[in-house]
Amino acid sequence: MQSVPPQLAAGACALPIILIAWRVCGSYLNRFFTRKFTVLHDVDNLGKARTEQNRIKGTAVICGGSIAGLWTARIAADHFEDVLIVEPEAWVHTEEGQSNTCDKAGEYVESSREHVRTRVMQYDADHTFQPIALDALRKLFPDADEEIKSSDARIVPLEVNVHSYGKEIMKLPKDEYPDGNYPQCFFMTREMYERVLRRLVLNSSKRIRSVVGTATGVKTIPGDPTTLSSVTVRAAEGAEENVPATLVIDCTGGTQAGLKWIRRIANEPAHADALQRLVPAGALPWDDLRVEYNTKQRYIRFRFYVPPEARARLPIPGGYARNTWMYTYMPVPGVERKLYMINRIEGHRIELAFGGWGEPPLPLDFDDIKNWFKALEVDHHRCPDWIYPFVDALLEYRHLASVATGRYPGLSWVHFERAPFIPSNFIAIGDSVMRVNPTFGQGCSKATIGAVALDAMLRTARYARATKISSDFGRSFFTMHVDKIQHIWDGTKPTDYQWDTTTPVKGEKNSDEWLAGAIGSLAMQLAGTDKTVDSVMYKVRMFMAPPTAMLAPSILGKIILFAARQKLGLATE
């Protein structure tokens, strides 16, 4: 009988140890990256208010009362003595600003919609709100589910029915949830979400106040340019008031006003010497702090009210009452340009939204909708069989439909984490920091993530019992916050850059994102046939896993092998 070579025997003995070590190391790294790049572990601590004696003294002034401002106000109410929301649009401070536009049965409430937001892009657009938003709402507001459903919105398993490269991708991995306890999301228009959120927030704490006005600037403590003393608020009639502030939170959205405010402070000659000594290594020049690119995207939305007698006969897979997103077609990056989405929204309305990169042709009117689908099939994508009879049925009610058009603004990121100067008591959350492509439906959850990250920071050992804002609070917040949101920018920009019609960031070329874009495209192709890759991509895109999950050796290995097979002409899918 031959003896086993000692090297082989040693290797066989070591293999189980290596596998165990690999699993332990992988588990540790996953926990580390989840804490660093997400707020998944921070949600459970939401809603635990400080005792009166441990509250931070003074007022947290929230500049902007839209989604980011409302989320931040609710978080601040657990930590500060007083919270003030400064919001310029007067009507949102009234009962109308907190009322549903539809009742629970989906019937339109005529008197509740006398005004609309004038400063918010996509104010009435349909949105998917990922599990992170729903989980946070449930922790902060015991009646969150009831309030969401009161507007005819739907809380459902997170199925988005995205199709690309001829396959469905980002499918809900049901086999990973054998008990049927699937991740949940909710669908509603941004308008309804803001109204429901405002009602929840303003009714949650007597510490939260609001005032009609526009935050136009900030002032510093005399002799100390590093600390803000107040926010300058201009009333509708033009009068200005300096509102004392312990912490100033920029939630001004796409105007990104906070950058202008702190730059004014830095540009004052009297502050030059003091602030120059505080410039950290790696700081960017002020002119380079804000980056922007433009995807040249426009859209048109057709919304059809579906009367009761028509609902049962709409040829929708699963029926009209099916509680998922109906369909999304994502064009192959850099090859196709046309995009369409179909969904049911509150008020028994069906929305058909058309768009794409580089200003592709859009249906001009109701009669052009079917022609647009036919042209899409000629160019690239075979539409589902139910699309044409579905459109025919909707067109019978064109007299009950509405049409809206628009264009996406530039997409921008203010790198506060690399600013030459940040006041100790200044932070920013939401679009005030980063505005990403609305196509991917991540903007509102980004605001939630920013607010939850603020809550988590205020609960750390350093700040949990502090009653004053420390001298490095603002800088520390942005350093931490960038880890939570950078992957949103890095996950969508390479896709946007694959279209040569996209105007890149100043100083960049579209080809700079070639490698990341190529890997993303390969992952999308592979996701249509590989359940493991699809599950990881689904979780990363939906803020259910850290972005590093896509870089796991097993996932990268699959993508590299798929690319090699494609190169050799061996890939069959």
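Of the residues ASP82, ASP42, the single one that is open to solvent by 20 Å² or more (accessible area, probe 1.4 Å) and either among the β-branched types (Val, Ile, Thr) or under 20 Å from the mean Cα position of the chain (by Cα) (or both) is ASP42.
Please list, ordered by residue number, the helices (runs of 4 or more DSSP H) wholly in the stretch 233-332 having 1 or more residues that are within 30 Å of LEU454 (Cβ to Cβ). Lay out the reasoning, then the answer.
Details: elements: 257-267, 272-276, 308-311.
It comes to 257-267, 272-276.
Scanning the stretch 365-374 for residues that are free of Cβ contacts under 8 Å to residues at least 60 places away in the same chain, of a type outside the set (Lys, Arg) and out of contact with any Cys (no Cβ under 7 Å at 6 or more places or on another chain) yields ASP365, ASP367, ASP368, ASN371, TRP372.
Number of residues in the stretch 90-130 that are among the aliphatic types (A, V, I, L, M), modelled with pLDDT under 90 and surrounded by fewer than 17 Cβ atoms within 10 Å (Cβ to Cβ): the value is 3.
In the condition set (1) aliphatic (A, V, I, L, M); (2) closer than 19 Å to PRO315 by Cβ; (3) not in a helix (DSSP H, G or I), ALA404 is compliant with all but (2).
Checking every residue in the stretch 409-420 against the condition of being over 18 Å from ALA73 (Cα atoms), open to solvent by 20 Å² or more (accessible area, probe 1.4 Å) and in contact with a strand residue (DSSP E or B) (Cβ under 9 Å, 6 or more places away or on another chain) gives at least one match. Of the residues making up the stretch 51-80, those that are in a strand (DSSP E or B) and farther than 17 Å from HIS93 by Cβ number 6. Has the stretch 458-476 got at least one residue that is touching a helix residue (DSSP H, G or I) at 6+ places or on another chain (Cβ under 9 Å), closer than 23 Å to GLY47 by Cα, free of Cβ contacts under 8 Å to residues at least 12 places away in the same chain and open to solvent by 40 Å² or more (accessible area, probe 1.4 Å)? Taking every residue of the stretch 458-476 in turn, at least one turns out to be touching a helix residue (DSSP H, G or I) at 6+ places or on another chain (Cβ under 9 Å), closer than 23 Å to GLY47 by Cα, free of Cβ contacts under 8 Å to residues at least 12 places away in the same chain and open to solvent by 40 Å² or more (accessible area, probe 1.4 Å).
Residues of the stretch 333-352 that are open to solvent by 20 Å² or more (accessible area, probe 1.4 Å) and either in contact (Cβ under 8 Å) with a residue 60 or more places away in the chain or within 22 Å of the chain's Cα centre (by Cα) (or both): GLY334, ARG337, MET341, ARG344.
Per this entry, ASP431 is counted among residues that are of a type in the set (D, E, K, R) and under 14 Å from the mean Cα position of the chain (by Cα). Taking PRO363 as the residue in question, decide whether it is open to solvent by less than 20 Å² (accessible area, probe 1.4 Å), closer than 19 Å to VAL160 by Cβ and not in a strand (DSSP E or B). Judged against the criteria, PRO363 is not a match. On the given criteria, is LYS509 within 20 Å of the chain's Cα centre (by Cα) and either among the charged types (D, E, K, R) or under 18 Å from GLN130 (Cβ atoms) (or both)? Here the answer is no, as LYS509 does not meet what is asked.
Considering every residue within the stretch 226-245, establish whether at least one is in contact (Cβ under 8 Å) with a residue 24 or more places away in the chain, buried (at least 16 other Cβ atoms within 10 Å of the Cβ) and closer than 27 Å to PRO504 by Cβ. Checked against the condition, which is being in contact (Cβ under 8 Å) with a residue 24 or more places away in the chain, buried (at least 16 other Cβ atoms within 10 Å of the Cβ) and closer than 27 Å to PRO504 by Cβ, the stretch 226-245 yields no hits at all. Selection of the stretch 485-505 for residues being open to solvent by 30 Å² or more (accessible area, probe 1.4 Å) and more than 19 Å from the chain's Cα centre (by Cα) yields GLN498, ASP500, THR501, THR503, PRO504. Looking at this structure, is VAL335 of a type in the set (A, V, I, L, M) and at pLDDT below 95? So VAL335 passes the test. Here ILE169 fulfils each of the conditions (1) surrounded by fewer than 22 Cβ atoms within 10 Å (Cβ to Cβ); (2) more than 23 Å from ALA447 (Cβ to Cβ); (3) of a type in the set (A, V, I, L, M) apart from (1). Applying the criterion of being among the charged types (D, E, K, R) and part of a helix (DSSP H, G or I) to the residues of the stretch 422-452, the residue that is nearest to GLY217 (Cα to Cα) is ASP431.
Which members of the stretch 540-568 meet the condition of being in contact with a helix residue (DSSP H, G or I) (Cβ under 7 Å, 6 or more places away or on another chain) and in contact (Cβ under 8 Å) with a residue 40 or more places away in the chain?
In the first step, residues of the stretch 540-568 are kept if they are in contact with a helix residue (DSSP H, G or I) (Cβ under 7 Å, 6 or more places away or on another chain); the result is 540, 542-550, 555, 558-559, 562-563.
Result: VAL540, MET542, PHE543, MET544, ALA545, PRO546, PRO547, THR548, ALA549, ILE559, PHE562, ALA563.
Scanning the stretch 136-153 for residues that are surrounded by fewer than 20 Cβ atoms within 10 Å (Cβ to Cβ) and either in a loop (DSSP other than H, G, I, E, B) or touching a residue at least 24 places away in the same chain (Cβ under 8 Å) (or both) yields LYS139, PRO142, ASP143, GLU147, LYS149, SER150. Can GLU396 be described as buried (at least 20 other Cβ atoms within 10 Å of the Cβ) and over 30 Å from ALA516 (Cβ atoms)? Criteria not met by GLU396. Going by the conditions given, is SER164 of a type in the set (Ser, Thr, Tyr), over 18 Å from the mean Cα position of the chain (by Cα) and closer than 27 Å to ARG209 by Cα? It is false that SER164 is of a type in the set (Ser, Thr, Tyr), over 18 Å from the mean Cα position of the chain (by Cα) and closer than 27 Å to ARG209 by Cα. Within the stretch 127-178, the set of residues being farther than 27 Å from MET192 by Cα and among the β-branched types (Val, Ile, Thr) comprises ILE169 only. For the stretch 492-509, which residues satisfy the criterion of being closer than 11 Å to TYR293 by Cβ and either part of a helix (DSSP H, G or I) or of a type in the set (A, V, I, L, M) (or both)? Passing the criteria: THR492, LYS493, ASP496, VAL505.
Apart from one condition, GLU377 fits all of (1) surrounded by fewer than 21 Cβ atoms within 10 Å (Cβ to Cβ); (2) free of Cβ contacts under 8 Å to residues at least 60 places away in the same chain; (3) under 30 Å from THR72 (Cβ atoms); the exception is (3).
The values are calculated or read from the model by the stated rules, or taken from the named source; none is laboratory data. Quick caveat, the model's predicted, so the values are computed rather than measured. Note that each Cβ is placed from the backbone with ideal geometry, even for glycine, and that neighbours are counted across all protein chains shown. These area figures cover heavy atoms from the full protein model, side chains too; ligands, DNA and RNA do not enter into them. Shrake-Rupley method; radii C 1.70, N 1.55, O 1.52, S 1.80 Å.
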